[in-house]
Structure formats: C-alpha cells, structure tokens
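The values are calculated or read from the model by the stated rules, or taken from the named source; none is laboratory data. As the structure is a prediction and not an experimental result, all values here were calculated from the model. Heads up, the Cβs are rebuilt from the backbone with ideal geometry, glycines too, and the neighbour counts pull from every protein chain shown. Calculation scope for accessible area: heavy atoms of the full protein, side chains included, ligands and nucleic acids excluded. Shrake-Rupley method; radii C 1.70, N 1.55, O 1.52, S 1.80 Å.
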Amino acid sequence: LDIPMSKMGNLRALALKMGADTQFSATEAGNAMTELAKGGLTEAEIQSGALKSTMDLAASSGMELGDAANTVVQAMGGFGLSAKDSAKAVNALAGAAAASSTDVGPLADALSQCAAQAHTAGWSIQDTTAVLGAFADAGITGSDAGTSLKTMLQRLGAPTDKAADAIKQYGINIWDSNGHMKDAGDVAQELQKKLGGLSDKQKQAALN
C-alpha cells in the first residue's frame, strides 16, 4: 500500500473492528483494503464507506471478500468511476444480480469483456449490468455475455457498409443529441419502432 506508515494504524484498527463486527476476519478485511488501495482508493475513502460497501457485496453474493474488492475495483476502472462512486459500482452489480438469474461472479466476468466498450459508447454501469442481467435470463452468462455485448456495441457503433446501408434504409438512429449511443432500452425501442412493421423474414434479414 502506498500509505505512510504513520497512518497504517488507522487501517489496522479498522480491519480489527471489521473482523470483530462482521462475518469476515481482520485478515480478510485487510486483504480487501489492499485490493481497494491498488485500485486507487485512499485511506479516507476506504474508511468512509468503500470497505463497508465491498463487504456488503461479498456478504450478499457469497464471494470471497478479496474477490469482491477486486470486482469493485475492476468495475470502477472499466467505467471511469472515481473512488467516491464505489457504492455505485456495488449497487449496480448487486442490483443486477438480484433482479436476474445471474450472480455477481458471472457479471464480473462479463464486465471484464465489455466494460470498456460500453463506457466508450456512453453507457453507464447501471445500463450495462441491467443488459447483462437480461442476457443471463436468456441463457447467456459470464464472459460469453460480455463478449456478445461488446460485439454488439462495436457493430452498432461502427457498422459495415452493408449494415450502414440497412440502418439508413430503415431510418434507424441509435445516437442521442450528445453523440452518445442510446441506452439498451432506447436502442430496443428504436429497432421495434422502425422494424416492427416488417414481416418476420424481413425483420430477421434487417437485424442480421
């Protein structure tokens, strides 16, 4: 940890307290702090809620505490979230897992494949985890889901000539007024609106 030795006592005391007050040991709490610090969180940020949020995620998901901390750090990094937004990352992961048939572990595997592309497209971590939850309900989980979503975003964002012609032909617009890709719900609504009048055969050809 890149923390002055004079301040290490505060984190040590917090680890001991968490070891006494939670289902996790002081050693597990210390390991989680290390992972959070590696992700750029300061001592104050770890103390003021990041560790508690990470513990909540681990407890609700059955993950090892160190794995939960690493998951939070990776999710934050993928979406360019600052340290103060650690609770946002935790809530997005836990919320998507609770609302779908997947768990935090497979969601983390999926995010490792698609987070950077989703962030580039302008999607939030909430939008992305919600879509991955829907993928899971359709039987596509883990890295397969992440790779599928990454590919979808790439193909929508930079379509081939043939795809671009189809998009123009049907008047499909997947971009908002700020030049960011619309979120998944709005993209789906746009496709439904512009392709809804086609026959099944025409619709399949257009989507392909």
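Residues that are in contact (Cβ under 8 Å) with a residue 40 or more places away in the chain and of a type outside the set (A, V, I, L, M, F, W, C) within the range 72-94 comprise Gln74, Gly78, Ser86, listed in sequence order. Of all the residues in the range 96-119, those that are among the small types (Gly, Ala, Ser), part of a helix (DSSP H, G or I) and more than 13 Å from Val131 (Cβ to Cβ) number 6. Among the residues making up the range 21-42, those that are assigned to a helix (DSSP H, G or I) and more than 14 Å from Met55 (Cβ to Cβ) are Thr34, Ala37, Lys38. The C-beta contact set for the range 111-130 (first residue over 20 Å from Asp144 (Cβ atoms), second residue among the aliphatic types (A, V, I, L, M), distance under 7 angstrom, 6+ apart or interchain) comprises Gly122/Met181; Gln126/Ala92. Among the listed residues Ala145, Ala163, which satisfies the condition of being modelled with pLDDT under 95, in contact with a helix residue (DSSP H, G or I) (Cβ under 9 Å, 6 or more places away or on another chain) and either of a type in the set (Gly, Ala, Ser) or part of a helix (DSSP H, G or I) (or both)? Just one listed residue meets the conditions, Ala163.
Checking each residue in the range 56-73 for being open to solvent by less than 10 Å² (accessible area, probe 1.4 Å) and either at pLDDT below 90 or out of contact with any Phe, Trp or Tyr (no Cβ under 6 Å at 6 or more places or on another chain) (or both) picks out Leu57, Ala58, Ala68, Ala69, Val72.
Candidates Asp183, Asp176, Asp161: the one that is open to solvent by 40 Å² or more (accessible area, probe 1.4 Å) and touching a residue at least 60 places away in the same chain (Cβ under 8 Å) is Asp183.
Results for (1) open to solvent by 30 Å² or more (accessible area, probe 1.4 Å); (2) of a type in the set (Asp, Glu); (3) within 24 Å of Gly196 (Cα to Cα); (4) in contact with a strand residue (DSSP E or B) (Cβ under 9 Å, 6 or more places away or on another chain), shown as yes or no for each residue.
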{"position": "Met76", "(1), (2), (3), (4)": "no, no, no, no"}
{"position": "Gly80", "(1), (2), (3), (4)": "yes, no, no, no"}
{"position": "Gln113", "(1), (2), (3), (4)": "yes, no, no, no"}
{"position": "Trp123", "(1), (2), (3), (4)": "no, no, no, yes"}
{"position": "Phe135", "(1), (2), (3), (4)": "yes, no, yes, no"}
{"position": "Gln154", "(1), (2), (3), (4)": "yes, no, yes, no"}
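Within the range 29-55, residues that are among the acidic types (Asp, Glu) sit with their Cβ atoms under 7 Å from residues that are at pLDDT 85 or above, at 6+ positions apart or across chains, in these pairs: Glu35/Gly66; Glu35/Ala69; Glu35/Asn70; Glu35/Val73.
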